[in-house]
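The values are calculated or read from the model by the stated rules, or taken from the named source; none is laboratory data. Remember, predicted model here, so these are calculated numbers, not experimental data. Backbone-built Cβ (ideal geometry, glycine too); neighbour counts: all protein chains shown.
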Amino acid sequence: MELFWKNKDLDKRRFWAVPYIEVLVFLVVLPMIMIAFYAFTNGAGHFTFYNFVQFFTQSDAINTLIYSFGIALITTIVCLVVGYPAAYFMATRSFRIPAVMIILFILPMWVNFLLRTIATAELFGLVGLPLDENALIFGMCYDFLPFMIYPILTSLSKIDTALLEASQDLGATRLQTFFKVILPLSKPGIQSGVIMVFMPTVSTFAISELLTHNKIKLFGSIIQESINSGVMLNYGAALSLILLVFINLTMLLGKNADKESSLH
Amino acid sequence: MSNSRYIIEVKHVSKEFEDGTLVLNDVSLQVEKGEFVTILGPSGCGKTTLLRCIAGFQVATSGDILLNGEDVTELPPNKRSVNMVFQKYALFPHLNVFDNVAFGLKLKKVDRNEIEKRVRKALKIVSMSDYELRDVDSLSGGQQQRVAIARAIINEPEVLLLDEPLSALDRKMRADMQLELIEMHKKLGITFIYVTHDQEEALTLSDRIVVMKDGKIQQIGTPTEIYNEPQNCFVADFIGESNILDAVMVKDWLVHFCDHDFECTDAGFGTDQEVDVVIRPEDFYIKSLSTNPSPEGEGEKSPWQLRGEVTSCIFKGVHYEMLILTEEGYELSVRDYRCFEVGEKVQLLIKPEDIQVMQKECLYNTFQGTVLEDNQVEFLDEAWDVSERTADRFEVGEKVDIEVDFNHINLQDDEEDGVLCGEVKSILYKGDHYHLTVVTDEGDLFYVDTKDIWDKGDRVGIKIAPSWIRLYKVES
C-alpha cells in the first residue's frame, strides 16, 4: 500500500520537471542546434563547410585559439597557486577568521564583473602600469579567483580531522600528512575549481577588451566581433562550435588522466 | 631500552582546556607491559583526553607521561611508539585496504617486498586477507574496524590505544569483536589501553579497569575487584546494577541499614560511623512469606532479615528483575530466577559477605564563610539568614566554618525562589530517597538528599532554612 502511494506520488512529481525541461530546451538545446545550423550554412542558408575551411586555413584564428588556451591555462595555474593556500588557510584556522575572509572575497563579487574590470583598468592607469598581457592575466585571476577558492575550501573543510591525526599517529610529519592525505583528499575541489576557472576564461572577451583596450584579442573576441559584424555570423557560429569541441576535449583528457592516475 | 617495569606511567597529569575546564585532575596510572587496561567512565569524564595525552594529540598542562621509562610528555604523536585505533576508524578514503594498512610502513621507506609481507600478515591477524584491493568505503563497519586495527598494529607499537573502537557496531557484532580483541591481545603480546563508556565491555575485556569521573580516577582494579568491592557510590552505581543505601557502621562487623542490623565482613570504620552500603540485586535471597509463615511471637529468631512486598516484576531473559518495598519503606532491586507476583509478600536475606561497606565521600555540605550583621552569614558570595544570634558567639567579619546536612537543603522548582541557582548534575537512588549533586552556576557543589523526584539537568533554586545552617568557629 505504501509503495503504491509512493509510486503515485512520484508520478505526480514528474510534472514538476516540466519548467526545467522547457528551460533546457529553449535555452540550451535549441541554441546549440542553431549554432550548428549556422556553422554549417552560408549567409544564404545553403549547406557548406566553408566556415571551417576558413578557420583551419587561417593561421590567425588558430593562433588566437592557442593563445586563448594559453592565457586560460596561466590564469588557472595562478588561481590554483594563490587560491589553494588561501582555501587551506581558511579551512584550518579558527572559525572567525574564515568568516571575515569569506566576506572579503564575497564583497567584490557583489559588484558586476564588468564594473570591476573597468575599475581594474582605471587602477592600472592610476598606478601607471601598462595595460598589456600582464594586466589581462591579473584581471582574469582577480575575477575568477573565488571560483577556485570555494570548491577547494569546501573539499578541505570536509576532511575529518581524525584522518590527519591518524596520519600523524602512523608516523607522518606535517608535510607528509599534507602530501599524502590532505592534497589527495582535496583533489575533487581542485578539479571543480580548475573547471570553473578554465572554462569561462578560455571563452572570455570582455576582460581582454577592457583591460588591453582591445589590443590583445582572445578567441572570444573574434567570435564576438564576427557575430556583431553581421556579415560573418556563420563564421562566428563555426568558431563557437570549434571552441566548444576543444573545451570538451580538454575536459575529457583531464578526466581520463585522472582515472588512470587513480588506477595506479 | 629501559628496564622499567611499566610500559606507561602517567604521573600527576592534569589537563586544562583553553576555556578553563579541568578535564584531567591529577591523574596517575601505571600500566605494565602486555596488560589490557580499560579506562571506563561516563562521557565527559576525561577518559578520551587521557588517551589522547598518551597518544600525543594533547599535551598535559602539568604532570609527566613516561613511555618505557622515557619522558614523552611533549613528544609529537609521530615520534611515539604507540598507535591508536580511532573511534570512527579514520581510514583514508582515497586509499584501498592495502594502502591504508601500508601507510605507516611506506612513510618509513620500508622495502616493497617487506611491506607486502607485513601487510598480508597484519590483515591475516584481523581476518581480512581477501580484502586487500577493496575500497574502504565498500566495507562494513566491522570490516573497517579490522582494517583500522591492522593499520595500527603494523608499525609494531609497544602500546595500542583504542578509543571506543566498537561503539559504532551493533550489539552482536560488538560481542564478536570483543572476543577477537582478546584473542588479538594474546597473539600480539603488546599492551592495550582501551577507552569505553560501556561497563559490560570493560568487564569482559580487561585485565584491569580504571574508573574515571570528572577528570579523576575513582578506582583501579581487576574486573572482579571493581564489581565486588567498589570503592565509592559512583563506581558501585556505574558498574552493574546495585542497591546503594545510607547506613551506619555500628561497630566492627555490624552495620545498620533499612532499620535493621546486619552482620558484615568489614571492620575498621569506627563506631557509629555513617557509611554507604552496596548490595547487588543478585545477592539477595528471596522467598515467599506465605509458603513458610514465620512463627509469630517470641519463637526462634528467623534468619530472614527483611520483609516486603513485590511492587514490580520484569522478565529479563535469564532472570526476573523485581522491586521490593520493605515494611520499613525502602525500595530494593532484587534479581532471581524465579518469578514473584506483584503484590506478593516476600522475605529477604543478605549474607554478610554480600554487603559491601564504603566510606562516604562527605557527611554534610561544608562551606567557608564570614559573619555579617543582623544574624546573617556570607558564603558562596551570598548572604544567608541564620536562626542563631550571631552576636553571641561571633564578631562581625569573623571567618566561620559552615555545615548543612544533605537533607536540609531545599530545592525550588523556580530558580528565582532560591538564594542560588544550579543544575542537577547527578542522581543516586538510595532506597527511600534520592541523593543529588547540584552544581551552582558558579561551579560550587551542593549534595542534597530529597524524596522529591528531579531529573538530571533540571534547573533549581537552592534555599536553606535558617535553623539548619550550623556555624563553627574556625580552628586556628
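Remarks
- Only one entry of A:I33, A:I71 meets the criterion of being more than 23 Å from A:N134 (Cβ to Cβ) and at pLDDT 90 or above, and that entry is A:I33.
- Tally of residues being buried (at least 16 other Cβ atoms within 10 Å of the Cβ) and either in contact (Cβ under 8 Å) with a residue 40 or more places away in the chain or among the aliphatic types (A, V, I, L, M) (or both) across the range B:258-275: 6
- Test: residue in the range A:134-147 that is within 14 Å of chain B (Cβ to nearest Cβ) and hydroxyl-bearing (S, T, Y): no
- The set of residues from the range A:149-163 being in contact with a Ser or Thr (Cβ under 6 Å, 6 or more places away or on another chain) and within 13 Å of chain B (Cβ to nearest Cβ) comprises just one member, A:S155.
- Test: residue in the range B:399-418 that is touching a Leu at 6+ places or on another chain (Cβ under 7 Å) and farther than 30 Å from B:L245 by Cβ: yes
- For the range A:223-257, filtering for residues that are within 20 Å of A:M199 (Cβ to Cβ), in contact (Cβ under 8 Å) with a residue 12 or more places away in the chain and not aliphatic (A, V, I, L, M) leaves 6.
- Candidates in the range B:422-476 are the residues that are in a loop (DSSP other than H, G, I, E, B) and out of contact with any strand residue (DSSP E or B) (no Cβ under 9 Å at 6 or more places or on another chain); of these, the one that is surrounded by the fewest Cβ atoms within 10 Å (Cβ to Cβ) is B:S476.
- Note on the range B:343-378: among residues that are part of a strand (DSSP E or B) and over 27 Å from B:T437 (Cβ atoms), the one that is farthest from the chain's Cα centre (by Cα) is B:V371.
- Residue match in the range A:110-132 (condition: assigned to a helix (DSSP H, G or I), aromatic (F, W, Y) and under 21 Å from A:I182 (Cα atoms)): no
- The residues in the range B:379-389 that are surrounded by fewer than 17 Cβ atoms within 10 Å (Cβ to Cβ) and more than 34 Å from the chain's Cα centre (by Cα) can be counted, and the count is 5.
- As for the range B:326-342, it holds no residue that is in a strand (DSSP E or B), among the aromatic types (F, W, Y) and either over 20 Å from B:D259 (Cβ atoms) or at pLDDT 95 or above (or both).
- The set of residues from the range B:54-72 being over 26 Å from the mean Cα position of the chain (by Cα) and assigned to a loop (DSSP other than H, G, I, E, B) comprises B:N68, B:G69, B:V72.
- Being surrounded by fewer than 20 Cβ atoms within 10 Å (Cβ to Cβ), within 30 Å of A:N42 (Cα to Cα) and assigned by TED's automatic domain parsing to the domain that holds A:I102 holds for only one residue in A:N134, A:N234, A:N214, and it is A:N214.
- Condition met for A:S221 (within 14 Å of chain B (Cβ to nearest Cβ) and either at pLDDT 90 or above or under 24 Å from A:L114 (Cα atoms) (or both)): no
- Candidates B:Q30, B:Q58 - the one that is free of Cβ contacts under 8 Å to residues at least 40 places away in the same chain, in the same structural domain as B:L205 (by TED's automatic domain parsing) and not charged (D, E, K, R): B:Q30
- Within the range B:37-66, tally of residues that are more than 14 Å from chain A (Cβ to nearest Cβ) and among the hydrophobic types (A, V, I, L, M, F, W, C): 8
- Screening B:L254 on (1) under 30 Å from B:E309 (Cα atoms); (2) in contact with a helix residue (DSSP H, G or I) (Cβ under 6 Å, 6 or more places away or on another chain) shows it passes everything except condition (2).
- Enumeration of residues in the range A:165-188 that are aliphatic (A, V, I, L, M) and facing chain B (nearest Cβ under 9 Å): A:A166, A:L170, A:A172, A:V181, A:L185
- Answer residue from the range B:82-141, given it is in a loop (DSSP other than H, G, I, E, B), within 14 Å of chain A (Cβ to nearest Cβ) and touching a Phe, Trp or Tyr at 6+ places or on another chain (Cβ under 8 Å) and is nearest to A:Q168 (Cα to Cα) among those: B:F92
Residues checked against (1) out of contact with any strand residue (DSSP E or B) (no Cβ under 9 Å at 6 or more places or on another chain); (2) closer than 30 Å to A:A238 by Cα; (3) in contact (Cβ under 8 Å) with a residue 24 or more places away in the chain:
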| position | (1), (2), (3) |
| --- | --- |
| A:T64 | yes, yes, yes |
| A:V78 | yes, no, yes |
| A:A86 | yes, no, yes |
| A:L104 | yes, no, no |
| A:L114 | yes, yes, yes |
| A:G128 | yes, no, no |
| A:P151 | yes, no, yes |
| A:T161 | yes, no, no |
